[in-house]
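These notes concern the structure reproduced below.
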Amino acid sequence: MDWDQLELHPRIISGAEMCSLCPGGAVCFCPGPAAALRSSSLRISVGCPILDELLRGGLPAEGVTELSGESGAGKTQLALQVCLSVQYPTQYGGLNAGAVFISTEDTFPVRRLQQLIRGQSCLRSDVPPSLISSLNFSDRVYIEHAADLASLQECVSRRVPLLLARGLVRLVVVDSVAALFRSDFLASDWLERNRQLLTISAALHHLSREYSTPVLCINQVTDVFSSSDSLVPPSSTGTPTLAPALGLAWANQVMVRLMMWRLQGTVSRGDQSSVPRRLQVVFAPHLARGGRGAGVWREGVRGLTETA
C-alpha cells in the first residue's frame, strides 16, 4: 500500500510502514511484549501454590520482572526460591535449567540457599521426592558479583550470555538493581545515571528476548511523603511510606512490578513463627492488582491462607 496517498500524520505513516500485510490486505501489527505474554502460558512457579495463584501460575517466562521492598521483607529469599524452582521440569513449574544470580550488594547467602535446598521436599509436596533428590540444585545456581556498574555491564553482556547460549541457565536474577546506581552517582548526576540505567536495562531486555529467558530484578525502596505516590499503604503514625527506587526511568523498563513488605504481628506454622509479609502486584499486563499475605519459614516463603 502507498501510505503517502493517504492524508495521515507522518508518525502514523511511519508506524504503519513497520507493520506487515496479511493475505487479503489486512494489516497485521507486530505483537508487543504484552501480546507476546498473552500468547504464552509458560510460567516459573515461585514454589508456593497460594503465591502462584496470585501470579496466575508464577513469573512470566520472558521479560523483566521487578520485586521491590524494604530490607528484611523477604525479597532475596523469594528470589533464591525461584532459582530452585526454575530447575524443575516444566510440568512442575520450572524450565529444566539453572539460574545465574548477580549480587551487587552483600555476600551471596550461601547458607540460606543450602537451607532452602534441604527444605525442598517440605516446600514442594507437589513434586515426587525421587525427583527432588535427583536434582543437584546448588550446582545449577551460578553466582556472579558486580561491585560497580562496569562489572555489571561486563557480566550481563559477556559472561551471562555464555551460560545462556550453552543452555545452562534460563533465569537471570539481579540483586539489587538499585544498589550501584545509588552508590556511584550524586544527585546532580541524574542525567548520566539515567543513561547508564537505560544501558543496563537494554542489555537485560536483550538477554530476555534473545534467549527466551526471564529476568528478575530486586529493587530497593525509597521514602515518599505524598500518599498519592506511594505503593505501601500510609502509616497511621505519620511516618513516610515507600515506593520502588530509581523513579520513572526504571519503572518504564519493567513488564511486571511486584512489591513485598513486612506487616505487624506474628503468624505461626507448626513449631515456627514468622513476621507476616505481603506480596503485592503493582502492575502487569496480564494480572489484576492485588496481593496475598506470606510468611518466611525454614523451608522457604509460603503464602498465607485468607483466614491466617
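Worth pointing out:
- Asp189 accessible area, assembled protein chains, probe 1.4 Å, Å²: 60
- Accessible area, probe 1.4 Å, largest first, for residues Leu198, Leu204: Leu198, Leu204
- Using heavy atoms of the protein chains and a probe of 1.4 Å, the accessible area assigned to Ser138 is about 60 Å².
- For Leu191, the accessible surface of its heavy atoms amounts to roughly 120 Å² (probe 1.4 Å, protein chains only, rounded to the nearest 10).
- Around Val64: net Lys/Arg minus Asp/Glu count, Cβ-Cβ under 12 Å: 0
- Theoretical gain in end-to-end length, Ser212 to Val275 [0.36 nm per residue, Cα-Cα removed]: 19.1 nm
- At an R0 of 30 angstrom, the distance between the Cβ atoms of Leu191 and Leu287 translates into a FRET efficiency of 0.35.
- Exposure rank, largest accessible area first [Met260, Met255; 1.4 Å]: Met255, Met260
- Spin-label proximity, Leu42 to the range 68-89 - amide N less than 19 Å from point 7 Å beyond Cα toward beta carbon: 82-89
The values are calculated or read from the model by the stated rules, or taken from the named source; none is laboratory data. Treat the numbers as computed from the prediction; the structure is a model and nothing was measured. Counting neighbours? That spans all protein chains shown, and the Cβs are built from the backbone with ideal geometry, glycine included. Only protein heavy atoms, including side chains, enter the accessible area calculation; ligands, DNA and RNA are left aside. Shrake-Rupley method; radii C 1.70, N 1.55, O 1.52, S 1.80 Å.
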